[in-house]
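Everything below concerns the one structure shown next.
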Amino acid sequence: MKEDIIYFTRNLQSPCSKAVNKRTDVKIVNPEEDYSEALANAKAAILDADDELRPELVKALLKEKLPFALCGLAGETPDSLKRLCAAAKRRHIQVCWLGSWRYEWAMARLKETITSGVLGTIQQYKLTKPAGLGIFERLRDDDLLNWLASYGNDAATAHEEMEGVGYRLTATGSRGSATATVLEDGQNEFAIALCDETPRVVCQPSAPLEAEIGYLLFAIRTGRPWSMLGRIPN
């Protein structure tokens, strides 16, 4: 029975590599070397390559019908993602991207706050982010907002792009507001202001890729659907 989970990378200092290195149940493979034996024994794969090697590796994983996760989607287009999704569906394998905002500590706190009901009926989500981002960033935005609105909210959504800002999402409800901010230095900030209460702000370091990869490995080992991971759009 195939049991290995393999991780393809040439960069052992990438953010994804640093998260994988904390695990003992992932086999690291250099894609420049012969990886045929690794594929033969693999149950699933994580692919961390945003260069000329990625198309070849994706083709090999599809040929072997191995489920796999992509670390980011740099260089992809809407058409290329549709083709990838279609190829995965034909082979009945799961594919996803890593880098979801869901795993940031502050975003998880925001989700908990929204679903607890303390903000009342959510009236608006306001997303503030740096200007000039691409397809991967837009997918991350959509994934986050869909996750937060998964309890039937019909709240309005506002977007604002600003230079020199972190990534910030504010949920405003009938009883107050809460804001999750992802800062450039890896810190997260969560602020909540409820009616008739003193506003509170909490800061904490976040390690989203470690949490995300942990969930991915758990899902692979237990045969669960990858519903909490970034979906490749079709």
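The values are calculated or read from the model by the stated rules, or taken from the named source; none is laboratory data. Predicted, not measured: the structure shown is a model, and the values here were computed from it. For neighbour counting, all protein chains shown are included, and Cβ atoms are generated from backbone atoms with ideal geometry for every residue, glycine included. Side chains included, ligands, DNA and RNA excluded: accessible areas come from the protein's heavy atoms. Shrake-Rupley method; radii C 1.70, N 1.55, O 1.52, S 1.80 Å.
Per 0.36 nm of contour for each residue apart, how much would the distance between LYS18 and GLU210 grow if the chain were fully extended, relative to their Cα-Cα spacing? Could the numbers behind the result be given before it?
On the way: separation 192, 0.36 × 192 = 69.12 nm, distance 0.85 nm.
Result: 68.3 nm gained on full extension.
Once the chain from LYS2 to SER227 is taken as fully extended at 0.36 nm per residue, the excess over their C-alpha distance is 78.7 nm.
DSSP bridge analysis restricted to the chain gives an antiparallel fraction near 55%, rounded to the nearest 5.
Quarter the surface of the alpha carbon convex hull of segment 1-99 and you get the mean projected area, 6.2 square nanometres. Partnerless cysteines in the chain, where a partner means another cysteine C-beta under 4.7 angstrom, comprise CYS85, CYS96, CYS195, CYS203. Here percent of Cα pairs over 33 Å apart was calculated from the structure, and among (1) 12; (2) 29; (3) 23 it sits at label (3). Percent of Cα pairs in segment 1-51 per distance bin of 10 Å, from zero to the largest separation: 26, 57, 16, 0.
Solvent-accessible area assigned to carbon and sulfur over segment 103-206 amounts to 47 percent, based on a 1.4 Å probe.
Counting only the backbone N, which residues of segment 201-224 are under 19 Å from the spot 7 Å out from the Cα of ARG91 toward its beta-carbon? Correct set: 217, 220-221, 223-224. Applying a DSSP loop filter and a limit of 11 other Cβ atoms within 10 Å to the chymotrypsin sites (Phe, Trp or Tyr not before Pro) in segment 124-200 leaves TYR151. Of the residues ASP51, ASP142, the one with the largest accessible area comes first in the ranking ASP142, ASP51, computed with a 1.4 Å probe on protein heavy atoms. Calculated FRET efficiency, ASP50 and GLU184, Cβ-Cβ r, R0 22 Å, to nearest 0.05? So the FRET efficiency works out to roughly 0.60. Estimated from helices alone, the mean residue ellipticity of the chain at 222 nm is -10000 deg cm²/dmol (sum of -39500 (n - 2.57) over DSSP H runs with n ≥ 4, per residue). For segment 46-136, the solvent-accessible area of protein heavy atoms averages 44 Å² per residue (probe radius 1.4 Å; ligands and nucleic acids excluded).
Charging the Cβ of each Asp and Glu at -1 and of each Lys and Arg at +1, and nothing else, the dipole of segment 114-159 about its Cα centre rounds to 140 debye. For the pair THR157 and ILE135, label points projected 7 Å from Cα toward Cβ lie 1.9 nm apart.
Which of LYS65/LYS89; LYS27/LYS89; LYS43/LYS63; LYS18/LYS63; LYS43/LYS82 have a Cα-Cα distance over 19 Å? Flagged as over cut-off: LYS27/LYS89; LYS18/LYS63; LYS43/LYS82. Spatially, segment 23-71 and segment 183-234 are offset by 25 Å when compared through their Cα centroids.
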